[in-house]
Amino acid sequence: MKAVHCAAVDLGASSGRVIVGSWVRGRLSLREVHRFPVQFRSLGDEDYWDLPTLWSEVRAGLLKARLEFPGLASVGVDTWGVDYALVDRVGRLVYPVHAYRDRRTQPGLKRLARTGLGRIYAETGVPNVFYNTSLQLEAMLRNHPRVRETADRCLFLPDYFNFLLSGRMENEVSISSTSQLLGLSRRTWSGAALRRFGIPARWFRRPVPAGTRLGKVASIPELKGMSVIAVPGHDTACAYDAMPADPSGTDLFISSGTWSLVGFESARPLVGVEALRARISNERTGRGGFRPLTNVIGLWLLERTLVDLGCRPESGADWEALLSRAGRLPAPRRLLDVTSPAFANPPSMRREVDKQLRSRGEAPPRDPAGYARLICDSLGAGHADAARTFERLSGKVFRRILIVGGGSKNPLLCQATADQSSLPVVSFQIEGTAVGNIASQLVAHGAVADLSTFRQQFGSSLKQVLYTPRREA
Ligand code: LFR
């Protein structure tokens, strides 16, 4: 049987990767051919992505991939959610691309919290979060009303990279669903949401499902013949697709990276007053189904704190050493409230952590290991709270928590999640986002019948680590 090779371009908010997946006789092997740092940069008070640099890294990675795998069949792109490029008819950028942690949405966030949120949530299933595309576009149009005329299309970042590769402009469904502009009932944009935020409907097309072939790579001559496939453009949708879930639907998923995305798959959205209060976001799978999930701040809290302490580990071995020191410390008496908005994008994360502790009359940890212990245990509690909320609101009973992504390699975080939730945690130490991206390409090539077949075949060869709860929550 011939191998099928596909390249995943997987852009995360801290690093980007080009990974080639090779599928032979029901087994997937992965090879990371290129990795590069991703960082937003500030100009004045605003935060932007450096698109030309990202594109040149993507290009360099794909060229390396083609050199190593001359038979490379296709490429798919996934990125973090919500961010977008506004382009004219021929695809020129008409406005700089902001990074989602930028603060310009704060006035809109407050306005929506005051009036109209219930309606928008009922329409889109997405709660009021400062980074939503809806609020970003609203703020931009208030500052620059003329962009309404100069821009022809709004492409989410994976859509934009797909365009740079193939020349075709489409909106893919999973990434579109992160915007707070897509309607819940069908795969179409919500007129009510677009009107509320003052956004022209003509900027969007009816979203295509993942698996849509966009054509061949047109912009890089060395990659001639390679197909561009719209995979789930949202990295979290890809990570969920990679999880070898039990077909009974009793697994809760965590995609753990910069953010911890805790949720499950469902044929129906989870909406209503309580779901809104719990900030449940009904994002879509690449096939159009729902992924009710909640966003817990994630390892960004730990990473930023360690940067502030001047000792962010450089290598895997350094991380292991830090986490093992942290694991030997006594459990903290009280945990952080990880839902505090103060942790979103502060100038100093360590200062915010210390501030929360001091406001409760507690002393900050003495060393980096102390911070790591406190933060991992607190994130575990955040995961467990989310699990309980989902059970209460959906009536489901979860039997396991599956975890992929950076945090799946963090034993402290996995054990804390098991302990706090009283559920077994199964960690799959895989780059879930790249695997889901590649899975979608394999299905599009007909190399695998469908996603559930992929999950079953891929899962059977996958190394798992089981964390059993050590105490009752
Ligand atoms: C994770 C992620 C989350 C999204 C956040 C901001 O990388 O895609 O799902 O909520 O980034 O876009």
**Q.** Members of the stretch 50-75 found to be more than 18 Å from P96 (Cα to Cα) and either within 16 Å of the ligand (Cβ to nearest atom) or among the β-branched types (V, I, T) (or both), listed by number
**A.** V58, V75
Q | Residues satisfying the stated conditions in the stretch 440-456, i.e. touching a residue at least 12 places away in the same chain (Cβ under 8 Å) and either surrounded by fewer than 20 Cβ atoms within 10 Å (Cβ to Cβ) or of a type in the set (K, R) (or both) | A | H445, A447, S452, R455, Q456
Q) Yes or no: R196 assigned by TED's automatic domain parsing to the domain that holds G71, in contact (Cβ under 8 Å) with a residue 40 or more places away in the chain, out of contact with any strand residue (DSSP E or B) (no Cβ under 7 Å at 6 or more places or on another chain) and exposed (fewer than 15 other Cβ atoms within 10 Å of the Cβ)? A) no
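Do we find that V90 is of a type in the set (V, I, T) and in a loop (DSSP other than H, G, I, E, B) in this structure?
The answer is yes for V90.
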Q) Can you list the helices (runs of 4 or more DSSP H) found entirely within the stretch 129-184 that contain at least 2 residues being touching a residue at least 12 places away in the same chain (Cβ under 8 Å) and closer than 28 Å to I220 by Cβ? A) 157-166, 173-176
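How about the stretch 23-36: which of its residues are out of contact with any helix residue (DSSP H, G or I) (no Cβ under 9 Å at 6 or more places or on another chain), in contact (Cβ under 8 Å) with a residue 12 or more places away in the chain and part of a strand (DSSP E or B)?
The answer is V24, and nothing else.
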Q: Examine the stretch 291-311 for a residue that is away from the ligand (no atom under 14 Å from the Cβ), out of contact with any helix residue (DSSP H, G or I) (no Cβ under 7 Å at 6 or more places or on another chain) and not assigned by TED's automatic domain parsing to the domain that holds E123, and state whether such a residue exists.
A: yes
Q: Just give me the residues in the stretch 1-18 being more than 16 Å from the ligand (Cβ to nearest atom) and either buried (at least 20 other Cβ atoms within 10 Å of the Cβ) or not aliphatic (A, V, I, L, M) (or both), in sequence order.
A: K2, V4, H5, C6, A7, V18
Q) When W319 is evaluated against the numbered criteria (1) touching a strand residue (DSSP E or B) at 6+ places or on another chain (Cβ under 8 Å); (2) of a type in the set (F, W, Y); (3) over 19 Å from I297 (Cα atoms), which criterion, by number, is the only one it fails? A) (1)
Q) When the residues of the stretch 102-119 are filtered to those that are under 22 Å from the mean Cα position of the chain (by Cα) and surrounded by 15 or more Cβ atoms within 10 Å (Cβ to Cβ), which remaining residue is farthest from D47 (Cα to Cα)? A) L109
Q.
Going residue by residue through the stretch 243-253, is there one that turns out to be among the polar types (S, T, N, Q), outside the structural domain of A384 (by TED's automatic domain parsing), more than 16 Å from the ligand (Cβ to nearest atom) and over 18 Å from the mean Cα position of the chain (by Cα)?
A. no
Q) Of V9, V58, which residue is under 25 Å from S174 (Cα atoms) and not in a strand (DSSP E or B)? A) V58
**Q.** Selection within the stretch 441-473 - part of a loop (DSSP other than H, G, I, E, B), of a type outside the set (V, I, T) and within 24 Å of V228 (Cβ to Cβ)
**A.** G446, A447, A449, D450
**Q.** Members of the stretch 257-278 that are within 14 Å of the ligand (Cβ to nearest atom) and modelled with pLDDT of 95 or more
**A.** S260, L261, V262, G263
Q | Among the residues listed as D78, D102, D83, the single one being within 14 Å of the ligand (Cβ to nearest atom), in contact with a Gly (Cβ under 7 Å, 6 or more places away or on another chain) and assigned by TED's automatic domain parsing to the domain that holds T53 | A | D78
Q | Any chance D47 is within 15 Å of D102 (Cβ to Cβ) and within 16 Å of the ligand (Cβ to nearest atom) | A | yes
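The values are calculated or read from the model by the stated rules, or taken from the named source; none is laboratory data. These numbers come from a predicted model, not from an experiment. Neighbour counts run over all protein chains shown; Cβ positions are idealised from the backbone, glycine included.
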